[in-house]
Every structure is written in C-alpha cells, then in structure tokens.
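The values are calculated or read from the model by the stated rules, or taken from the named source; none is laboratory data. Note that the structure is predicted; figures quoted are calculated from it, not measured. Cβ sites come from the backbone with ideal geometry, for glycine too, and all protein chains shown count toward neighbours. These area figures cover heavy atoms from the full protein model, side chains too; ligands, DNA and RNA do not enter into them. Shrake-Rupley method; radii C 1.70, N 1.55, O 1.52, S 1.80 Å.
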Amino acid sequence: MPKTPAMLTEAFGALVVRGLGIVLMFASTALFARLLGAEEYGTYSAALATAMLLATIAPLGTDRILVRNISTSRDDHATGSEVAITHACAAVVMALIAVAALMFAALAHWVFRNPEWTRAALLSALMFPPLTVIYLRQWVAIP
C-alpha cells in the first residue's frame, strides 16, 4: 500500500505533461495555420501526416521487439546491441523510403506536373527521418 501516493503523483505528473502537450499542439497548429495560409498549410499538413506514417513504418516493428528485450535484459552490453540493431534496421529502411519519396517527388514534378504533390513529397522526405529517431528514442526510454 505505500506505493499508492507515489503512483498518484506519477499519474498526476503524466496527466500534466499530456495536457501541456495538447495545449502546445493546439497552439502550434493554430500558429502554423495562421502563418502559412490555407494552401500552404494543407501541403504542410499532408507532408506531416505522411512523414508520421513513414516514421511509424520505418523501424519495421523492431521498436516493439526492442522494448520487450530491453525490459527483460539486465546486461548493458546486450541492451546496447539491441538498440544498435534497431537503429540500423530503421536507418536502412529510412534510406529506402527516402529514395522512394524522392522518386515520387520527381514523378509528381515531371510526369504529373503537380507542384503540391512534389512539395509534400519533398517535405515528408525531410521530416520523417528525425521523427523516426524521436519515435525510436521514445521506445527506448519506455523500459
């Protein structure tokens, strides 16, 4: 029973952090929409959504396996190896996805003559690698 106050404190802290995250997300969305205008914000929003999807796909599930293996391992060397393997897998897939996104941007530019698709593809190719690394670091921090 002595853990109850600590659990309540941690739960309240998590609630406050989530609340701040929601407020910051709302503020940044409103600011970007105001600064960029309707058309440019639409391109940015499409690129961000695509980048978030690609960042989730890039690790190929190794991030979930990493959480399981880190949480059961007591050896720092094994944990480091697991993290390195996960990052290497994500880096290879990120390179392949980046090439595919750049090919799609070229196709959208030269074949379809669609500058909005080109811009969205290039923006998502730039945004998804840092998002992937952020997602991986979050999964490493969980255990």
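Below, the figures for the structure above:
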read-out	value
Qualifying residues in the range 120-141 (those that are among the small types (Gly, Ala, Ser) and touching a helix residue (DSSP H, G or I) at 6+ places or on another chain (Cβ under 8 Å)) - the one nearest to THR86 (Cα to Cα)	ALA125
Test for MET52: is it aliphatic (A, V, I, L, M) and either open to solvent by less than 40 Å² (accessible area, probe 1.4 Å) or not in a helix (DSSP H, G or I) (or both)	no
Qualifying position, being in contact with a Phe, Trp or Tyr (Cβ under 7 Å, 6 or more places away or on another chain), of a type outside the set (S, T, N, Q) and at pLDDT 95 or above, among ALA27, ALA55	ALA55
Pair list, Cβ < 8 Å and 6+ apart or interchain, from the range 20-33 residues that are free of Cβ contacts under 8 Å to residues at least 12 places away in the same chain and of a type in the set (S, T, N, Q) to residues that are open to solvent by 100 Å² or more (accessible area, probe 1.4 Å) and not in a helix (DSSP H, G or I)	none
Residue selected from the range 99-121 under the condition in contact (Cβ under 8 Å) with a residue 40 or more places away in the chain and open to solvent by 40 Å² or more (accessible area, probe 1.4 Å), by the criterion farthest from ARG64 (Cα to Cα)	GLU116
Conditions (1) in a helix (DSSP H, G or I); (2) more than 17 Å from the chain's Cα centre (by Cα): number failed by ILE97	(2)
Condition met for LEU36 (open to solvent by 40 Å² or more (accessible area, probe 1.4 Å), under 20 Å from MET25 (Cβ atoms), part of a helix (DSSP H, G or I) and modelled with pLDDT of 95 or more)	no
Count of residues meeting criterion [free of Cβ contacts under 8 Å to residues at least 12 places away in the same chain and under 14 Å from TYR135 (Cβ atoms)] in the range 77-98	1
Residue count, the range 29-63 (criterion: out of contact with any Asp or Glu (no Cβ under 7 Å at 6 or more places or on another chain), among the hydroxyl-bearing types (Ser, Thr, Tyr) and farther than 25 Å from VAL140 by Cβ)	4
Enumeration of residues in the range 55-79 that are open to solvent by less than 30 Å² (accessible area, probe 1.4 Å), of a type in the set (A, V, I, L, M) and in a helix (DSSP H, G or I)	ALA55, LEU66, VAL67, ILE70
